[in-house]
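Participant: Mind looking over this structure? Questions follow.
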Amino acid sequence: MRLNEFLNVLTDNPSAAIHLMLPDGSFAPAHFHVTEVGRVHKDFIDCGGTVRSATACVLQVWVAGDTEHRLDTSKLARILRLAAPLLKTTDLPVEIEYESEVLSQYPLATTEIIPSGLLLHLGNKHTACLAEDRCGIAPVESGCCATPGCC
């Protein structure tokens, strides 16, 4: 989900509770904090030699011992508006950085209005060969680096 879409959902549902559902169906504790909003930009080169870049709006979620804390849609929308000069655009994918057993980043897949508030469905990120044409990948079983001269 892109930031502009997410902001619209937050604004259209003022003061609603926010629930984070991880890809495995479990939930982040209801008393989570959003401790950072950042524009994260990555420049990289793929295994075929193509220079690429990716930019996202990353919301860092942290859980503290203050179990009475609750972040609602209005407060999160205010935080995102404060970050606007740093983010430079609302045409960015939104990712949630969350630590349970390990620190992970999850793309915000969809949102859903439920009786208790706004449910954020988090998706999974996956690795992939971005130079399949150069590597000659046909079936997934061959793998990117199975082609001599690729990786």
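Each value in this text was obtained by applying a stated rule to the coordinates, not by laboratory testing. What you see is a predicted model, and the numbers here were worked out from it, not measured in a lab. Cβ sites come from the backbone with ideal geometry, for glycine too, and all protein chains shown count toward neighbours.
Participant: Go through the range 16-92 and name the trypsin sites (Lys or Arg not before Pro) that are in a DSSP coil and have 14 or fewer other Cβ atoms within 10 Å of their Cβ.
Facilitator: Values: sites: R39, K42, R52, R70, K75, R78, R81, K88; in loops: R70, K88.
Passing both the DSSP loop test and the Cβ count: R70, K88.
Participant: Further question: At most 11 other Cβ atoms within 10 Å plus a DSSP loop assignment makes a site exposed; report the longest stretch of the chain without any exposed GluC sites (Glu not before Pro). Kindly include the intermediate steps, with their values, before the conclusion.
Facilitator: Details: sites that count: E68, E101.
No qualifying site falls inside 1-67, the longest such stretch.
Participant: Summing -39500 (n - 2.57) over the DSSP H runs of n ≥ 4 in the chain and dividing by its residue number, what mean residue ellipticity at 222 nm do you reach, to the nearest 500 deg cm²/dmol?
Facilitator: Using -39500 (n - 2.57) per qualifying helix, the result is -4500 deg cm²/dmol.
Participant: Further question: Once you have the Cα-Cα distance between S74 and E101, take 0.36 nm times their residue separation minus that, and quote the gain in nm to one decimal.
Facilitator: Working: separation 27, 0.36 × 27 = 9.72 nm, distance 2.94 nm.
That pair, S74 and E101, stretches by 6.8 nm at full extension.
Participant: Further, regarding this structure: Based on DSSP, what percent of beta bridges with both residues in the range 3-126 are antiparallel, to the nearest 5? Could the numbers behind the result be given before it?
Facilitator: Working: 26 of 35 bridges.
The antiparallel fraction comes to roughly 75 percent.
Participant: Determine which lysines satisfy two conditions relative to K88: a Cα distance under 18 Å, and not lying fewer than 8 residues away in the same chain.
Facilitator: In chain and number order, the partners are K42.
Participant: Need the full-extension length gain, D12 to C47, defined as separation in residues times 0.36 nm minus the C-alpha distance. One decimal, nm. Each step should come with its number before you reach the end.
Facilitator: Numbers: separation 35, 0.36 × 35 = 12.60 nm, distance 4.30 nm.
Separation in residues times 0.36 nm, less the Cα-Cα distance, equals 8.3 nm.
Participant: Next question, about the same structure. List the aspartates and glutamates whose Cα sits under 18 Å from the Cα of K125, skipping any in the same chain fewer than 8 residues away.
Facilitator: Excluding near neighbours in sequence, the set is D24, D43, D46, E95, E97, E99, E101.
Participant: Sticking with this structure for a sec: Can you give the relative contact order of the range 3-126 as a percent, counting alpha carbon pairs under 8 Å and 6+ residues apart?
Facilitator: Here the relative contact order equals 32 percent.
Participant: Taking the Cα centre of the chain as origin and charging only Cβ (+1 Lys, Arg; -1 Asp, Glu), how large is the dipole, in debye to the nearest 20?
Facilitator: Numbers: 11 positive and 18 negative charges, 100 e Å.
Around 480 debye, computed over the chain.
Participant: Highest GNM mean-square fluctuation, the chain, Cα pairs closer than 10 Å: which of H31, H41, H19?
Facilitator: Looking only at H31, H41, H19, the largest GNM fluctuation is found for H41.
Participant: Net charge near G117: determine it from the other residues with C-beta under 11 Å of the C-beta of G117, scoring Lys and Arg +1 and Asp and Glu -1.
Facilitator: Details: positive: R70; negative: D72, E112.
Around G117, the charge tally is -1.
Participant: Mind checking which of H121, I79, M1 is farthest towards the positive end of the chain's charge dipole, using Cβ charges of +1 (Lys, Arg) and -1 (Asp, Glu) about the Cα centre?
Facilitator: Result: I79.
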